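Reviewing the structure listed below.
Read-outs: derived from the displayed coordinates by stated rules, not from any lab. No experiment lies behind these values; they were computed from the predicted model shown. Here the Cβ positions follow ideal geometry from the backbone for every residue, glycine too, while neighbour counts run over all protein chains shown.
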Amino acid sequence: MTIVYSSIVIQLFVYFIVAVSLNFVIGYAKSLSIHQAALFGIGAFTYAVIAGNGWSADLVVCGLAGAVIAGLLSVVLAFGAMRIAGDYFIVASFAFQIFAVNALYNWPSVSGADNGKYGLPLPSILGFDLASAWSFIVVFGIVAAVTLAFAVWLRRSPYGRLLTAMGDSPSALQTAGFGILRLKVGVFGISGAFAGLAGVLFASYVGAIDTTTFGIDLAILLVAMVIIGGTGSAVGSLLGAALIAFAPPLISNLPLSSTSAAAVQQLIFAGLLIVVVAALPRGLVQLGNRPAQLLRRSARQVRR
């Protein structure tokens, strides 16, 4: 596997974890959030501070720290979301995204300001150094697989069904005696924790980060990734992550300047977003559901 392809696979795993984390909020809580890039960045700078200061480069230590910090901040936002909803929450999450990135930028001991954080040490896990592309692929792949298993389990669990009901009809759930606050705080905390974990993985692999990476462009791209792939679906998150990971390298092979390639990429994502919203409300994952539905109908007809 060449360096280019290994890098794409590693990015796929990281983007998948972020997409799943955002899908917890969009797919379950039915809250369109534009702050996930900030939580992703907070996780990345958590690794930069802990590993850059020589305290620890162990992914277990840094991952737990990044998940806890980002999860707690997401919980704070959840309490705010209880008082506002709909378009007002979108504006609030947008404001949090801008505030968090600017706060990091103006905290140079954490972010490095204009210079960013460069030359971060290679990570390790339980005493083993991750010194090759294959080691990153194996470790990140295991984390992505655990994330997928957790997302599937959560959706099928009683708690996941309550989250789905909360997104569909919160008033009916309240009438039945279930607390909306506990459910929303829980799902926001889980979402933030996974976003922070993904940020730690991203920073440990790239080894150089700055605040511009986690700006509003990435925030919108993450939302597009989830909507295009399919809200409320772990497989949809994988499809969206694959699109983001593989599209830029493929476009870069076209005879275009860097500016033109970026414009083509934005046009492709915008076009896909329009098509999906208009024709596939549940995202690209809906294309796979239709053949399965036809097979089930055929099987029922055969039994009759």
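Work out how much length Ala263 to Leu287 would gain on full extension: take 0.36 nm times their residue separation and subtract the Cα-Cα distance, in nm to one decimal. Spell out each step's value before the answer.
Details: separation 24, 0.36 × 24 = 8.64 nm, distance 2.71 nm.
Going from the current span to full extension adds 5.9 nm.
Can you tell me which of 22-33, 114-125 comes out highest on packing, and rank the rest after it, using the mean Cβ neighbours within 10 Å? Intermediate results must be reported in sequence, preceding the final value.
On the way: 22-33: 25.3, 114-125: 16.3.
Packing proxy ranking, top to bottom: 22-33, 114-125.
Rounded to the nearest 20 Debye, what is the dipole magnitude of the stretch 3-215 about its Cα centre when Lys and Arg each give +1 and Asp and Glu each give -1 at the C-beta? All intermediate terms of the calculation are to be shown ahead of the outcome.
On the way: 8 positive and 6 negative charges, 136 e Å.
Approximately 660 debye in magnitude.
Which shape class applies to the stretch 3-63: rounded if a/c is under 1.5, otherwise prolate when a/b exceeds b/c and oblate if not, where a ≥ b ≥ c are the square roots of the Cα gyration tensor eigenvalues?
The shape class here is oblate.
Give the order of Tyr15, Tyr205 when sorted by the count of other beta carbons within 10 angstrom, beginning with the fewest. Mind dumping the intermediate values first?
Working: Tyr15 25, Tyr205 21.
Ordered by Cβ neighbours within 10 Å, fewest first: Tyr205, Tyr15.
For each of Asp217, Asp87, count neighbouring Cβ atoms within 10 Å of the residue's Cβ, then give the residues from fewest to most.
The most exposed by this proxy come first: Asp87, Asp217.
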Q.
Can you compute 3J(HN,Hα) from phi for each residue in the stretch 125-142, using the Karplus curve 6.51 cos²θ - 1.76 cosθ + 1.60 with θ = phi - 60°, rounded to whole Hz and x for Gly and Pro?
A. 9, 6, x, 9, 6, 8, 10, 9, 4, 5, 5, 5, 4, 5, 5, 5, x, 5
Q) Each residue of the stretch 44-49 in order: what ³J(HN,Hα) in whole Hz does its phi give by Karplus 6.51 cos²θ - 1.76 cosθ + 1.60, θ = phi - 60°, with x for Gly and Pro? A) 5, 6, 4, 5, 4, 6
Q. Which residues' amide hydrogens lie under 5 Å from the amide hydrogen of Asp58, considering only partners 5 or more residues apart or on another chain, with H built in the peptide plane?
A. Ser124
Q.
Semi-axes of the equivalent ellipsoid for the stretch 109-251, please: Cα gyration tensor eigenvalues, times 5, square-rooted, ordered largest first, whole Å.
A. 32, 18, 17
Q. So what J values fall out for the stretch 194-201 if you push phi through Karplus, 6.51 cos²θ - 1.76 cosθ + 1.60 with θ = phi - 60°, rounded to Hz, Gly and Pro as x?
A. 5, 5, x, 4, 4, x, 4, 4
